[in-house]
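One structure is given below, encoded as structure tokens.
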Amino acid sequence: MARYHTPRSYWRLLLPLLFVAVYLGGGCTKWRTGLERWVDKTFGSATPREQYAWGKPFAAATMARWDTAFVRSTRDTLLVELPHEELIVPDTNVLYTANAWDFYLPPGRQLRISAGGSGPLFGELYTTEGEQLLVWDTLSPSLSYETGAPAGQNLRFVLQTAPHADSSYRLQMITVPALLFPVAGKDETAIRSFWGASRDGGQRRHEGNDIFADRGTPLLAVAQGRVSRVRNGGLGGKTVWLRDGERGLSYYYAHLDSQLVRAGEYVERGDTVGLVGNTGNARTTPPHLHFGIYARGARDPYPYLQGEDPPPTPPAEYPGRRTEVPLRGNHYLRIAPQREAANVIRQLAGGEPLIDLGVTGRYHRVRTGRGELGYANFD
Ligand SMILES: [Zn+2]
């Protein structure tokens with residue numbers, strides 16, 4: 001009778017299990033680190049930043065300072081508003097290779113971050129509570145992120161150059177609409193009635209946006225999803241409901257001239273679902289689409305439809321030329337590059353030494369001789 005399992009073949013099965021057990025259980029520290037790295041590299045849970053560091057491109061002491069710079073920047077952030085553009089000049093000091101920005105991302109908007117310089121850049125997106133959301137390096141052209149939070153989300157983006165990188169880089173953070181515009185050939189300028197407008201003599205509020213277009217204009221699926229209902233009757237007249245499982249949202253198209261989909265059908269973003277009309281209680285008005293978004297109650301569709309942000313103000317000058325606070329005028333160190341009094345950290349003294357790290361609009365990103373980080377305007 002054949003022996004299916006020699007003692008040796010048992011070991012072949014057991015040995016990998018033992019490795020996994022050692023890895024999961026902790027075991028000897030040196031072993032664990034090696035295995036952990038192998039698992040991270042193999043299964044891709046390491047960030048591009050960590051993978052770069054493991055290549056040991058610089059002396060251990062430099063790499064330790066580089067890690068410190070990253071951690072310090074996540075605790076030493078400045079506040080900006082979207083859209084934002086900033087030109088950064090990395091200082092020769094390794095501790096200044098990382099920068100972080102805190103900002104608010106509203107619902108309905110997709111964040112797009114791009115950055116370009118001559119050396120590698122490592123970006124990581126977090127919530128302001130420190131939860132890691134996305135990692136990125138400049139091998140891919142941009143990072144995109146959307147929030148599912150109905151009230152939007154406060155985010156933190158950290159960007160680090162390689163140690164001793166002598167290149168400057170430009171960071172751009174903008175938002176674009178999360179959804180495709182639902183009426184072919186139109187944009188938000190065709191919206192004539194907005195969220196919250198009074199209806200039926202104040203009896204109810206407008207829970208959507210009215211988008212005016214010629215009768216018969218194609219209506220497009222704003223995202224991929226499943227047609228959940230196709231109805232005729234009531235205030236909406238001919239209506240189509242589209243369910244977006246990825247975002248957990250339902251889209252409502254009303255007053256259609258004709259419906260071109262069936263319930264249960266799957267559609268891709270951009271597929272035609274119907275044609276503009278004035279059915280239902282729109283009989284007495286010009287043809288338009290009433291578009292609504294629902295997720296446990298109605299949401300204002302406008303931010304989901306409003307076009308891409310206008311280009312941010314480009315930096316007014318090249319950074320890296322200021323070494324001290326001008327003697328004339330009053331100058332302030334601020335938490336954000338805006339003039340509001342609430343942003344002021346403290347007044348700067350004339351002649352005070354500075355390290356100039358970047359420029360956004362008319363503000364410089366500076367580090368003071370006392371080690372404080374902030375924005376300052378020297379106009
Ligand atoms: Zn309406």
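Taken together, the values in this text are just the output of simple stated rules run on the coordinates, not laboratory data. Remember, it's a predicted structure, so these values are computed and weren't measured experimentally. Reconstructed Cβ throughout: ideal geometry from the backbone, glycine too, with neighbour counts over all protein chains shown.
If you line up the long axis of helix 7-25 against the longest principal axis of the chain, both from Cα atoms, how many degrees apart are they, to the nearest 10?
80
Sort all Cα-Cα distances of region 188-305 into consecutive 10 angstrom bins from zero, then give the percent of pairs in each bin up to the one containing the longest distance.
15, 49, 32, 3
Enumerate the amide H contacts of Q110 below 5 Å, restricted to partners 5 or more residues apart or on another chain; note that Pro and chain-start residues carry no placed amide H.
Those lying under 5 Å, H to H, from Q110 are V176, A178.
Which order do the peptides 185-194, 221-230 take when ranked by the mean count of other beta-carbon atoms within 10 Å per residue, highest first?
221-230, 185-194
Can you work out the Karplus-derived ³J(HN,Hα) for every residue in region 370-379? Use 6.51 cos²θ - 1.76 cosθ + 1.60 with θ = phi - 60°, whole Hz, and x for glycine or proline.
For region 370-379, the Karplus curve yields 7, x, 6, 10, x, 9, 9, 10, 10, 5 Hz.
Over region 58-166, what per residue volume does the convex hull of the Cα atoms give, in whole Å³?
In region 58-166, the Cα convex hull volume per residue is 101 Å³.
Can you give the calculated 222 nm mean residue ellipticity of the chain, where each DSSP H run of n ≥ 4 adds -39,500 (n - 2.57) and the sum is split over every residue, rounded to the nearest 500 deg cm²/dmol?
The helix-only estimate for the chain comes to -5000 deg cm²/dmol at 222 nm.
In what order do L134, L305, L327, L78 fall by count of nearby beta-carbon atoms within 10 Å, going from fewest to most?
So the ranking, lowest neighbour count to highest, is L327, L134, L78, L305.
Quick one: 3J(HN,Hα) in Hz for region 80-91, Karplus 6.51/-1.76/1.60 with θ = phi - 60°, rounded, Gly and Pro as x.
Those phi angles translate into 9, 10, 8, x, 9, 9, 8, 9, 10, 10, x, 7 Hz.
For a quick check: with amide H placed at 1.01 Å from N, whose amide H comes under 5 Å from D91's, ignoring anything fewer than 5 positions away on the same chain?
Long-range HN contacts for D91: none found.
Exactly which GluC sites (Glu not before Pro) in region 303-343 are in a DSSP loop and have at most 15 other Cβ atoms within 10 Å? Before the final figure, lay out the partial values.
Working: sites: E308, E317, E324, E340; in loops: E308, E317, E340.
Passing both the DSSP loop test and the Cβ count: E308, E317, E340.
Per residue of region 264-276, in order, report the coupling 6.51 cos²θ - 1.76 cosθ + 1.60 (Karplus, θ = phi - 60°) as ³J(HN,Hα) in whole Hz, putting x for Gly and Pro.
Taking θ as phi minus 60°, the curve returns x, 6, 8, 10, 8, 4, x, 5, 7, 9, x, 10, 4 Hz for region 264-276.
Lys/Arg Cβ at +1, Asp/Glu Cβ at -1, dipole of region 273-379 taken about the Cα centre: which of L373, A295, H331 is farthest positive-ward?
About the Cα centre, the residue reaching furthest to the positive side is A295.
What residues qualify as long-range amide H neighbours of L348, i.e. H under 5 Å apart, gap of 5 or more or another chain, H built at 1.01 Å from N?
Under 5 Å from the amide H of L348 lie the amide H atoms of H331, Y332, L333, each far enough along the sequence or on another chain.
If you bin every alpha carbon distance in region 173-212 into 5 Å steps from zero, what whole percent lands in each bin?
Distribution as computed: 6, 20, 21, 21, 15, 11, 5, 2, 1 percent.
Listing V276, V325, V71 from the residue with the fewest other Cβ atoms within 10 Å to the one with the most, what is the order? All intermediate terms of the calculation are to be shown ahead of the outcome.
Values: V276 26, V325 22, V71 11.
By the 10 Å Cβ count, ascending: V71, V325, V276.
May I ask you to order 257-264, 163-170 by the average number of other C-beta atoms within 10 Å around their residues, highest value first? Before the final figure, lay out each step's value.
On the way: 257-264: 14.8, 163-170: 16.5.
The densest-packed peptide leads the list: 163-170, 257-264.
Give the Debye-formula value of log10 I(q)/I(0) at each listed q (0.06, 0.07, 0.15 Å⁻¹), with one equal scatterer per alpha carbon of the chain, two decimals each.
-0.37, -0.49, -1.18
Measure nothing fancy, just the Cα-based angle from helix 60-75's long axis to the longest principal axis of the chain, in degrees from 0 to 90, nearest 10.
The angle comes out near 40 degrees.
With +1 on each Lys and Arg Cβ and -1 on each Asp and Glu Cβ, and nothing else charged, work out how big the dipole of the chain is about its Cα centre, in Debye to the nearest 20. Intermediate results must be reported in sequence, preceding the final value.
Values: 43 positive and 38 negative charges, 227 e Å.
Charge dipole, the chain, about its Cα centre: 1100 debye, nearest 20.
Who wins for biggest fluctuation among L87, L121, L348 in a Gaussian network model of the chain, springs between alpha carbons below 10 Å?
Comparing L87, L121, L348 in a Gaussian network model of the chain, the most mobile one is L348.
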